[in-house]
Amino acid sequence: MEKPFVESSWLDPLYPIRCDGNLPPAKVKTMLTRKVAIYIPSTVDANVAASSELVAKWSKQAKILLSNLFGGFTAYHAQGGWYSAEKGLIEEPVLVVNAFTDDNGLNESNLNQIRFLARLIAIDMQQEAVSVEHDGKLEFIQETTMIHLEQQFKLAA
């Protein structure tokens with residue numbers, strides 16, 4: 001039985017690709033197996049829409065921090081929600097800013113910097129908590145979380 005092949009010239013008409021299914025495996029230069037993310041809310045005081053400037057400020061800080069710690073980031077929009085004992089069901093758009101790293105990159109010092117940023121966001125946006133995800137675990141960072149780290153980290157302007 002003859003193997004199917006694909007001819008494609010969408011990459012460049014001068015260099016068509018012909019694949020008979022027997023491609024050599026791709027060479028992988030770096031494998032980053034650890035993931036960290038911070039969730040940027042879009043509300044203040046649980047259910048009041050935040051200004052676009054406030055959301056943009058904290059989104060930029062998260063992108064800068066993850067880029068500095070891990071060399072880059074990916075950001076995407078998602079829908080988040082939780083149940084507040086005071087305000088009921090809260091639903092809001094969130095911006096998830098994540099990065100991948102290796103075992104050396106996802107250390108306690110780097111996690112603490114991300115947790116500290118989440119605490120600042122919780123304070124400024126009057127959130128009950130801001131989520132930090134790492135390796136499939138989700139932490140809820142509250143205003144009172146990690147007060148002892150307040151003087152250790154400075155954010156980019």
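Observations, loosely collected:
- Net length gained if the chain between SER51 and GLU139 were fully extended (0.36 nm per residue, minus Cα distance): 29.2 nm
- Placing pseudo-labels 7 Å out from each Cα toward the beta carbon at THR74 and GLU92 gives an inter-label distance of 2.5 nm.
- Taking 0.36 nm per residue of separation and subtracting the Cα-Cα distance, full extension of the segment from ASN107 to LEU32 would add 25.6 nm.
- Debye log10 I(q)/I(0) for the range 34-149, one point scatterer per Cα, at q = 0.12 Å⁻¹: -0.39
Where a number appears in this text, it was derived from the coordinates with a stated rule and is not lab data. Computed from a prediction, not measured in an experiment: that's the story for all the values here. Here Cβ is always computed from backbone atoms with ideal geometry, including for glycine, and neighbour counts include all displayed protein chains.
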